[in-house]
1. Under the condition of being small (Gly, Ala, Ser) and open to solvent by 10 Å² or more (accessible area, probe 1.4 Å), which residue from the range 141-192 is nearest to Asn130 (Cα to Cα)?
2. Are there any pairs, at least 6 apart or on different chains, whose C-beta atoms fall under 6 Å, with the first in the range 47-68 and touching a residue at least 12 places away in the same chain (Cβ under 8 Å) and the second open to solvent by less than 50 Å² (accessible area, probe 1.4 Å) and charged (D, E, K, R), and if so, which?
3. Restricting to the range 87-102, count the residues that are at pLDDT below 95 and surrounded by fewer than 22 Cβ atoms within 10 Å (Cβ to Cβ).
4. Exactly one condition in (1) closer than 26 Å to Met107 by Cβ; (2) at pLDDT 95 or above; (3) over 18 Å from the mean Cα position of the chain (by Cα); (4) surrounded by 14 or more Cβ atoms within 10 Å (Cβ to Cβ) is not met by Val237; state its number.
5. Has the range 218-235 got any residue that is touching a Cys at 6+ places or on another chain (Cβ under 8 Å) and either part of a loop (DSSP other than H, G, I, E, B) or on the phi < 0 side of the Ramachandran plot (or both)?
6. Just for the range 33-54: of the residues that are more than 18 Å from Cys92 (Cβ to Cβ) and either in a helix (DSSP H, G or I) or polar (S, T, N, Q) (or both), which one is least open to solvent (accessible area, probe 1.4 Å)?
7. If Leu16 satisfies every condition in (1) open to solvent by 30 Å² or more (accessible area, probe 1.4 Å); (2) in contact with a Leu (Cβ under 9 Å, 6 or more places away or on another chain); (3) at pLDDT 95 or above; (4) more than 28 Å from Thr203 (Cβ to Cβ) but one, which is the exception?
Amino acid sequence: MFSRAVRPTVSLARSLSTSSQNNAKVAVLGASGGIGQPLSLLLKNSPLVSHLSLYDIAHTPGVAADLSHIETRAQVTGHMGPDQLDAALQGCEVVVIPAGVPRKPGMTRDDLFNTNATIVATLADACARNCPEAMICIIANPVNSTIPITSEIMKKHGVYNPNRVFGVTTLDIVRANAFVAELKGLDPARVNVPVIGGHAGKTIIPLISQCTPKVEFPADQLSALTGRIQEAGTEVVKAKAGAGSATLSMAYAGARFTFSVLDAMNGKEGVVECAYVRSEETGCKYFSTPLLLGKNGIEKNLGLGKISAFEEKLVADAVDELKASIKKGEDFVAKMK
């Protein structure tokens, strides 16, 4: 699976090696954490990145020194603590935010809300001030609320561009691809399952009916597969038994999404990823659907497409929870001093 994240960028880099477009400064906010370190490693490995700016509240100089010894072109700088946050962000074209506390057994993503909401609001404020035109890719949970928080903060600064703020839901797609491939004996690198909705529990809606290559499952197996995709994060939290949540697979998914954004910014055509964004596709203000990416972020929202009756019910069941999570994020910013 590693090859999918890295190989496309290698071939692209060869074709663009003389292009000034291929000089992207990418920041990782939360670079010392369980997701941040492997994510930074994958980004350092990509010739699409010319400057990797790492920020966290602790240990960042060590992570930066370690990564700087890798024989790839990206310059690495480490920034630690609130006093160095502005410097970490200046001139960045893409900002990836895995910062926040991880889930522990028994916790829902919503249980993380108060701590992670404050962290994301602080980081979004710094992005608005230092790199208002950057692509902002939020990994910090609960994504269903942290994207509305980011959007509202950007609005306060008058720099909100809905085409440049993404909730990274790619892990749901990666998991769906892996699980379908496993059940059908397919090469996971050739499976593509769109996943729409949000990024928590029943708001995660895999569109198995739109899978390429086409696959079919009996109703009971389809229901079980959908449930596994929706609760895959909890599967990892339980397996790690208090030692964290999904970090390695999330780092892979975050890198995959970041590479797609960079590819599109470099002019590659036909780059499509699902992400949780400002949307008019349903009754929810924010909703994940397949997006055509371009030089300026979202070029076109490709919508839900044709979905099955089973999937229509999943969408209907998700709407109330999504709306509540969105309102929670908006209300948090409204109450901030």
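The values are calculated or read from the model by the stated rules, or taken from the named source; none is laboratory data. Small disclaimer: the values here were computed from a predicted structure and weren't measured. In this analysis, Cβ positions are derived from the backbone assuming ideal geometry, glycine residues included, and neighbour counts consider all displayed protein chains. Only protein heavy atoms, including side chains, enter the accessible area calculation; ligands, DNA and RNA are left aside. Shrake-Rupley method; radii C 1.70, N 1.55, O 1.52, S 1.80 Å.
1. Gly158
2. His51/Lys25; Leu52/Lys44; Leu67/Lys44
3. Looking only at that region, the number is 2.
4. (2)
5. no
6. Pro38
7. Failing condition for Leu16: (3).
Yes or no, residue by residue, for (1) of a type in the set (D, E, K, R); (2) in contact with a Phe, Trp or Tyr (Cβ under 8 Å, 6 or more places away or on another chain); (3) farther than 22 Å from Glu235 by Cα:
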{"position": "Glu133", "(1), (2), (3)": "yes, no, yes"}
{"position": "Cys137", "(1), (2), (3)": "no, yes, yes"}
{"position": "Val143", "(1), (2), (3)": "no, yes, no"}
{"position": "Lys155", "(1), (2), (3)": "yes, no, yes"}
{"position": "Val165", "(1), (2), (3)": "no, no, yes"}
{"position": "Thr169", "(1), (2), (3)": "no, yes, no"}
{"position": "Ala176", "(1), (2), (3)": "no, no, no"}
{"position": "Asp187", "(1), (2), (3)": "yes, no, yes"}
